[in-house]
Amino acid sequence: MTKINTWDMHCHTIFSDGTHTPTQLIHEAKEQGLAGVALTDHDTWSGWEEAEVAAHAEQFLLIRGSEITAKQRNDDKKPTSVHLLAWLYNPQGKKLNDLFQRTRQNRLNRAITIVNKLSHYYPIDWESVTNEIKEGDSTTVGRPHIADALIKAGIYHTRTEAFKGALSKDGPFYIPVHSPTVEEVIEAIKDAQGVVAIAHGGSLERNTQLLTDTDIQRYAECGLDGLEVWHRENSIEQQERLLQLTKHLHLLATGGSDWHGPSGKLNQLGENTTSEDVVQEIIERGYLPVIQ
Ligand code: AMP
Ligand code: ZN
Ligand code: FE
Ligand code: FE
């Protein structure tokens, strides 16, 4: 796989559920020979400042972004969980900040409830989970932090094991994150003049009911800019389907690794990337400039 002139547009750090710092992300991305990288922590922009300093120091190109938790309500069926990648938006955007604040609080309440349930069966408590949250209130909390506490308690060896066990979406301890609708998120990102794509929209690991072509067309009409086609959780068939949809609906086709650090998830930095011409289009559409 050639990485020359390509960008990894989907990466997480300790400001959400990654295991490495924004500084380490920039350093890694430069070492790999990527053209640039996007920082996309869940429901926050709190890692941007550190990433900016690192990008200046390493003379490396950085796009500031986030991955935003949303859902689609389905008639009589389970909601579809949807993640939206937002890049180069104005961080002063009020709608988006209100939405981040709500989702982060909901994530925290939900994590506390999950840990309470787990504590009857596993040797963990909320304090042991907070020890795994590296940036205090600036960290967006998720199941991976609970996984880390279960690892410290000796129950599992890796986050992946914990996600297959006690933290499984299909297990008795799971609670979904209370999240805004896709339309609400797109509206907030557009209000902040950002660029928005649906992340891993073909992932059957996450949803039994994927977004349909009609759903995606509706979101394109709401202002959606792109689809993350190249992601390890999208099967080859789904990548082909999403790529065709980008052509049909005039959307941008992006790729990203969903890196969470080497000990965070198996995903390798740069394993999926976005072409330079698509990144240039994202930069033209966005409110913020690229950092170098
Ligand atoms: P949550 O948002 O709290 O429901 O947790 C989901 C997060 O955990 C996502 O960011 C995933 O990337 C991450 N995740 C899911 N499965 C795994 C796994 N097997 N190992 C590590 N992280 C995972
Ligand atoms: Zn994550
Ligand atoms: Fe995601
Ligand atoms: Fe992600």
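The values are calculated or read from the model by the stated rules, or taken from the named source; none is laboratory data. Worth saying up front: this structure is predicted, and the values here are computed from it rather than measured. Virtual Cβ from ideal backbone geometry, glycine too; neighbours counted across all protein chains shown.
Points worth noting:
- Only one of the numbered conditions (1) farther than 23 Å from Arg104 by Cβ; (2) within 16 Å of ligand 1 (Cβ to nearest atom); (3) of a type in the set (Gly, Ala, Ser) is not met by Gly18, and that is (1).
- Failed item, numbered, when Gly201 is tested on (1) in contact with a Leu (Cβ under 7 Å, 6 or more places away or on another chain); (2) at pLDDT below 95: (2)
- Region 245-263 - residue that is within 16 Å of ligand 4 (Cβ to nearest atom) and not small (Gly, Ala, Ser) and, of those, nearest to the chain's Cα centre (by Cα): Asp258
- Residue identified as under 19 Å from Leu88 (Cβ atoms), away from ligand 2 (no atom under 15 Å from the Cβ) and touching a Cys at 6+ places or on another chain (Cβ under 9 Å) among Val53, Val37: Val37
- Selection over region 49-79 of residues that are away from ligand 3 (no atom under 16 Å from the Cβ), in contact with a helix residue (DSSP H, G or I) (Cβ under 8 Å, 6 or more places away or on another chain) and touching a residue at least 40 places away in the same chain (Cβ under 8 Å) gives a count of 7.
- The set of residues from region 56-94 being under 23 Å from Ile175 (Cβ atoms), of a type in the set (Asp, Glu) and more than 14 Å from ligand 2 (Cβ to nearest atom) comprises Asp75, Asp76.
- Region 51-79, residues that are within 16 Å of ligand 4 (Cβ to nearest atom), of a type outside the set (A, V, I, L, M) and either surrounded by fewer than 22 Cβ atoms within 10 Å (Cβ to Cβ) or farther than 21 Å from Pro144 by Cβ (or both): Arg64, Lys71
- Some residue of region 94-116 being in a loop (DSSP other than H, G, I, E, B), free of Cβ contacts under 8 Å to residues at least 12 places away in the same chain and farther than 30 Å from Val279 by Cα: no
- Gly226 meets all of the listed conditions (1) within 14 Å of ligand 1 (Cβ to nearest atom); (2) surrounded by 14 or more Cβ atoms within 10 Å (Cβ to Cβ) but one, namely (1).
- Here Asp170 meets the list (1) assigned to a loop (DSSP other than H, G, I, E, B); (2) buried (at least 16 other Cβ atoms within 10 Å of the Cβ) almost entirely, failing just condition (2).
- Residue match in region 166-187 (condition: farther than 19 Å from Asn207 by Cα and out of contact with any strand residue (DSSP E or B) (no Cβ under 8 Å at 6 or more places or on another chain)): yes
- Scan of region 174-214 for residues that are assigned to a helix (DSSP H, G or I) and not charged (D, E, K, R), ordered by number: Val182, Val185, Ile186, Ala188, Ile189, Thr214
- If you go through region 250-287 and keep only what is in a loop (DSSP other than H, G, I, E, B), of a type in the set (A, V, I, L, M) and either in contact with a Phe, Trp or Tyr (Cβ under 7 Å, 6 or more places away or on another chain) or surrounded by fewer than 16 Cβ atoms within 10 Å (Cβ to Cβ) (or both), you end up with Leu266, Leu269.
- Boolean, Tyr156 is part of a loop (DSSP other than H, G, I, E, B), free of Cβ contacts under 8 Å to residues at least 24 places away in the same chain and within 12 Å of ligand 1 (Cβ to nearest atom): yes
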